[in-house]
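Have a look at the structure below, then the notes.
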Amino acid sequence: MKTRIIAVVIAVVLLSVIFALPIQAASVEQLNETEQITYNADGSYFITRIYVENSPITRSARSGVSATKETSYYSALGLEWVYRVTGTFYYDGSTSYATGASSSYSIYFSGWSCTADSASYSGNTATARGTFQQSLLTKNVSVSLTCDKNGNLS
């Protein structure tokens, strides 16, 4: 009988703790000031943007952030492909460092393929490098995302 009462009390306490914790859905926000357009001699251009996940990451006294930097390739025909690096960073006001990096891409125009794709991180920077090919056209792209000691991304 005592064992059953103890089990019920533990279950009630656990359920109270679980339902008392705030539940937050992760959301993503674009840093508007980070949009950059780079024009190429052939009339094509790249638009680069940074998106930040609005769920803060904490590790002891350090704050953290997960963000994605993408570059979109446009020709006269419109959007052809997008290449992204996603990095996770920690910072504390005196230093910052990356703890992970991954790459991804989306192809929107027929004929393109991604023939090389890699991601790495070092210091406070996450980098993705890729090669896109269409017939005789090759585009090498490198996207780097950096977090400074105050959590500012570039």
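The values are calculated or read from the model by the stated rules, or taken from the named source; none is laboratory data. Predicted model only: the values in this text are computed from it and were never measured. Note: ideal-geometry Cβ built from the backbone for every residue, glycine included; neighbour counts use all protein chains shown.
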Quick check on A128: is it under 23 Å from S63 (Cα atoms), aliphatic (A, V, I, L, M) and at pLDDT 95 or above? no
Which residues, taken from region 98-120, are part of a strand (DSSP E or B) and over 22 Å from S144 (Cβ atoms)? S113
Of everything in region 37-54 that's part of a strand (DSSP E or B), without any contact (Cβ under 8 Å) to a residue 24 or more places away in the chain and not hydrophobic (A, V, I, L, M, F, W, C), which residue is farthest from V143 (Cα to Cα)? Y39
Identify the residue in region 116-154 that is more than 14 Å from the chain's Cα centre (by Cα) and among the β-branched types (V, I, T) and, among all such residues, is surrounded by the fewest Cβ atoms within 10 Å (Cβ to Cβ). T138
Output yes when any residue across region 81-99 is over 20 Å from S142 (Cβ atoms), modelled with pLDDT of 60 or more and exposed (fewer than 10 other Cβ atoms within 10 Å of the Cβ), and no when none is. yes
Within region 68-77, considering residues that are modelled with pLDDT under 95 and closer than 10 Å to Y45 by Cα, the one farthest from the chain's Cα centre (by Cα): A76
